[in-house]
Structures are given as C-alpha cells and as structure tokens.
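First comes the structure, then the notes that go with it.
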Amino acid sequence: MASEDYVRRMSDALRSGAKMLAEICPVCNSPLFEVDNELRCIRCDKPVVRVHEETEVLAASTPLVLSKLENALSSKIDLLTSLLQKSADPDEIRILSEALASLVKLFHESRRLAETLKKK
Ligand SMILES: [Zn+2]
C-alpha cells in the first residue's frame with residue numbers, strides 16, 4: 001500500500017470514530033486503531049489480536065520458529081554428513097565434525113525447548 005493511501009485510510013478511520021491507540025502492530029509497527037471494539041492495523045488492513053506481554057508473543061511464535069530452525073539444522077546436518085563421508089582431508093574432517101557437533105547440539109537444544117513449551 002502506498003503511504004498516501006495509508007494516511008488517507010487512517011484519517012478516514014479517525015473520522016468514522018476509530019480511536020488511535022498507544023499499541024503498535026506487531027507486523028509493521030504502525031499504531032493500532034480501535035474500530036467497532038475491534039483492534040485493527042490500518043496499514044496491514046487486518047484485525048490484530050491483542051497480546052499483553054512480549055513474552056506471550058514469543059511463546060506464540062516460538063514453536064514455529066523452532067520448527068523452522070530444526071528444518072534448517074537437519075538439512076545442514078544432512079549436507080555436512082555427506083561432505084564428511086566424501087572427505088579424506090584431516091583438516092576438512094575436523095572442521096566438518098566441529099560444525100556437525102554444534103549443529104547437533106543446537107538441534108537437541110531446540111527439541112528440548114520445544115518440549116518445555118509444550119508442557120506449559
Ligand atoms: Zn500492521
């Protein structure tokens with residue numbers, strides 16, 4: 001959306017009785033509006049679910065972030081494992097092993113965190 005468009009819609013919203021709030025949109029950081037008892041972001045043109053604490057935002061988005069992380073990690077582990085299989089150079093093997101060790105460690109930490117979040 002062009003920014004003139006955004007400003008126009010914002011003033012339209014205010015004219016029709018919407019209230020500008022101190023809270024901001026978690027997506028685009030624009031101020032949120034209360035329109036007919038609903039919280040809306042004018043820029044995203046979407047209703048926004050009010051989240052009181054930043055930790056709640058984190059808890060809500062963490063499982064998704066973790067599964068993305070795990071996907072990335074497992075594809076790198078896969079890649080490095082196949083490189084390791086082919087490698088005959090001691091230095092390369094050492095570097096690959098170290099990289100794999102930290103990837104595997106991170107993977108386990110991510111799994112553990114995901115389990116902890118599930119228990120709540
Ligand atoms: Zn927004």
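The values are calculated or read from the model by the stated rules, or taken from the named source; none is laboratory data. Quick caveat: nothing in here was measured; it's all calculated off a predicted structure. Counting neighbours? That spans all protein chains shown, and the Cβs are built from the backbone with ideal geometry, glycine included.
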Quick check: anything in the range 31-41 in contact with a Pro (Cβ under 6 Å, 6 or more places away or on another chain) and either within 30 Å of residue 9 (Cα to Cα) or at pLDDT below 95 (or both)? yes
Which residues, counting only those in the range 6-27, are among the acidic types (Asp, Glu) and either within 12 Å of the ligand (Cβ to nearest atom) or within 30 Å of residue 61 (Cα to Cα) (or both)? 23
Looking only at the range 28-49, count every residue that is in contact with a strand residue (DSSP E or B) (Cβ under 9 Å, 6 or more places away or on another chain) and either among the aliphatic types (A, V, I, L, M) or more than 11 Å from the ligand (Cβ to nearest atom) (or both) and tell me the total. 8
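Yes/no per residue for (1) among the basic types (Lys, Arg); (2) loosely packed, with under 12 Cβ neighbours inside 10 Å:
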{"residue": "70", "(1), (2)": "no, no"}
{"residue": "77", "(1), (2)": "no, no"}
{"residue": "82", "(1), (2)": "no, yes"}
{"residue": "94", "(1), (2)": "yes, yes"}
{"residue": "98", "(1), (2)": "no, yes"}
{"residue": "103", "(1), (2)": "no, no"}
{"residue": "109", "(1), (2)": "no, no"}
{"residue": "118", "(1), (2)": "yes, yes"}
Considering only residues of the range 45-96 that are assigned to a loop (DSSP other than H, G, I, E, B) and touching a Lys or Arg at 6+ places or on another chain (Cβ under 9 Å), which is modelled with the highest pLDDT? 45
